[in-house]
Amino acid sequence: LTAMPIAFPVPIRLDVRLDLRVFGMAVLITVLAGLLAGVGPAIMASRFNLQRAIREGGRSGGSRRGQRVRSLLVVGQVAASSVVLVCAGLFGASLRQAAKLDPGFRVNQLITVGLDAGLAHYDEPTARRAFDRIAREVGQLPGVRSTAWANTVPLEHGAAGFMDLYGDDAETANTKKGSVSVLTSTASPALFATAGIPIVEGRAFTIRDDSTGPRVAILNRRATTILWPGKSAIGRIIRLASNGPPIEVVGVAEDARYIVIGEAPKAVLYVPFAQQYEAGAYLYVRTAGDAASFLPAIRKTIASVDKDLVPFGLHTMSDIVQNSPNALLPMRLGAALASAVGLLALLLTIVGLYGVIAYAVVQRTKEIGVRLALGAERGRVIRDILGQGAMLAGAGIVIGMAIAWILTRGMAGLLVGVRVTDLSIFGSVVGAMALIALGSALLPALRASRVDPVKALRADG
């Protein structure tokens with residue numbers, strides 16, 4: 001069994017042992033594919049017309065129907081390759097655009113690790129003491145700059161829950177009954193500095209914002225824009241229910257992407273970690289060097305402080321951004337898969353187009369010899385052969401682009417910063433396929449131009 005180190009909350013293991021049943025099925029499918037591939041030629045051979053072959057002399061090595069079938073297969077290959085290459089281009093462009101996005105926090109040199117006091121059957125006082133000790137001991141590791149607590153991790157565990165937030169003096173024209181649906185997250189005083197989420201107005205939480213102090217909160221910029229457009233949110237009163245206790249807004253944080261990397265900013269409410277207990281919490285660790293090198297030390301420190309709290313989800317934020325299904329993973333997989341299939345399809349297209357053109361040249365050898373003997377220019381012969389390849393490739397490209405234009409509409413939700421009808425990508429694929437078609441037909445065309453008229457006329461003579 002081989003483990004896949006990926007930022008999923010549930011580990012994935014791939015069984016790569018040889019399975020005789022799978023091997024046998026592969027052999028069976030291969031044999032059946034070979035038999036099916038031979039059915040067509042066998043049927044055509046059984047219908048061979050001797051008189052027609054004698055009349056045609058050596059001019060045609062196969063029936064027109066066979067030539068049409070081969071041409072249609074090549075057109076289909078070109079069309080399929082075009083569709084796959086468009087998908088690969090869209091995924092690749094989306095991956096590049098997503099990698100440039102600012103997620104609203106500093107990705108590098110940041111680690112998150114989850115702990116669940118509920119699994120250890122800790123009550124709130126015991127859990128808080130354990131959390132405090134762990135944060136203190138991890139914070140004393142050489143190279144660790146700061147630590148903080150929250151109950152969410154952007155792009156991995158960012159959907160802790162949504163609730164309606166009511167503003168006492170909210171602009172009701174811009175909200176439904178003066179409320180807004182917000183993503184909630186707890187935050188210790190150092191979270192914003194540790195995660196690299198700027199406070200753009202007001203202040204961050206302090207140690208005075210504990211269970212004995214007045215209830216306070218921090219909203220992100222998106223939430224304040226909805227509730228109080230164009231006005232300051234500092235000092236405003238919000239409630240988590242229409243008749244709930246008052247909570248004072250003491251700060252405004254910059255927007256960050258919590259659910260998926262390509263999302264429009266969502267409204268977020270932060271409440272002090274000390275004022276809202278969560279048995280499951282995530283420790284944020286800001287390091288001075290390569291974050292991955294700190295993972296073993298953090299795991300060891302947590303185990304030495306409290307052996308009953310087993311860490312989970314111990315990842316660098318860079319790994320989460322790269323490997324989370326809510327971040328770059330779908331685009332990375334899509335680009336890799338589409339590129340691999342696209343390269344295979346291109347190879348089949350090159351082989352198919354070359355084979356059809358080369359076979360057509362062989363069939364027309366005597367005809368080409370006659371033309372050359374009558375004074376036809378070799379350049380004209382090359383242009384004719386290239387034109388035949390261009391017709392096949394052109395038909396396939398047109399069909400492929402039409403199919404891609406329709407099918408890629410379903411990819412809109414998977415792409416970031418790229419339109420599914422991006423003309424630059426479609427144009428690049430058309431150009432690439434045209435060059436490939438030209439290259440595939442060029443060698444048979446050159447061979448056709450070098451036919452010796454005397455030998456061609458003597459052949460099949």
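The values are calculated or read from the model by the stated rules, or taken from the named source; none is laboratory data. Computed from a predicted model, the values in this text were never measured in an experiment. Neighbour counts run over all protein chains shown; Cβ positions are idealised from the backbone, glycine included. These area figures cover heavy atoms from the full protein model, side chains too; ligands, DNA and RNA do not enter into them. Shrake-Rupley method; radii C 1.70, N 1.55, O 1.52, S 1.80 Å.
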> Given +1 on the Cβ of Lys and Arg, -1 on the Cβ of Asp and Glu, and no further charges, what dipole in debye does the chain carry about its Cα centre, rounded to the nearest 20?
Replying inline: 2700 debye
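Order L72, L415 by their accessible area, 1.4 angstrom probe, all chains in place, largest first. Don't jump to the answer; show the numbers that get you there.
Numbers: L72 125, L415 20 Å².
The ordering from most to least exposed comes out as L72, L415.
Work out the length of the dipole vector of region 247-322 about its Cα centre, built from +1 on the beta-carbon of each Lys and Arg and -1 on the beta-carbon of each Asp and Glu, and round it to the nearest 20 debye.
Details: 6 positive and 9 negative charges, 51 e Å.
That gives a dipole near 240 debye.
Taking 60 Å as R0, compute the FRET efficiency from the Cβ-Cβ separation of I259 and V39 and round it to 0.05. Mind dumping the intermediate values first?
Working: r = 52 Å, r/R0 = 0.87.
Once rounded, the FRET efficiency stands at 0.70.
Would you work out if region 119-165 is rounded, prolate or oblate? Take a ≥ b ≥ c from the square roots of the eigenvalues of the alpha-carbon gyration tensor; rounded if a/c is under 1.5, else prolate when a/b is larger than b/c, oblate otherwise. List each step's numbers first, then the result.
Details: a/c = 2.65, a/b = 1.34, b/c = 1.98.
In terms of gyration-tensor shape, oblate.
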>> So, taking all protein chains as they sit and a 1.4 Å probe, how much accessible area belongs to H315, in Å² rounded to tens?
In response: 30 Å²
>> At 7 Å along Cα-to-Cβ for each site, give me the label-to-label distance between A297 and L423 in nm.
In response: 5.5 nm
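Which of the DSSP-defined H helices in the chain satisfy a minimum axial length of 15 Å, computed from C-alpha atoms, and a minimum mean Kyte-Doolittle hydropathy of 0.5? Walk me through the numbers on the way to the answer.
Details: long enough: 20-46 (38 Å, 1.90); 64-100 (54 Å, 0.62); 124-139 (22 Å, -0.89); 295-305 (16 Å, 0.83); 329-363 (50 Å, 1.81); 378-407 (43 Å, 1.19); 423-449 (37 Å, 1.67).
The qualifying helices are 20-46, 64-100, 295-305, 329-363, 378-407, 423-449.
At a threshold of 8 angstrom on Cα-Cα distance, excluding pairs fewer than six apart, so keeping six or more, what relative contact order does the chain reach in percent? Numbers along the way, then the final one.
Values: 763 pairs, mean separation 119.6, N = 461.
Rounded, it is 26 percent for the chain.
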> Which of the listed residues, A253, L240, V429, is farthest toward the dipole's positive end in the chain, when Lys, Arg count +1 and Asp, Glu count -1 at the beta-carbon?
Replying inline: V429
>> Using a 1.4 Å probe on the protein heavy atoms only, what accessible surface does E377 show? Give it in Å² to the nearest 10.
In response: 130 Å²
> When the label point is put 7 Å from the Cα of T212 along its Cα-to-beta-carbon vector, which residues of region 259-302 have a backbone N closer than 15 Å?
Replying inline: 274-275
>> Modelling each spin label as a point 7 Å along the Cα-to-Cβ direction, I'd like the I403/T126 distance in nm, to one decimal.
In response: 6.3 nm
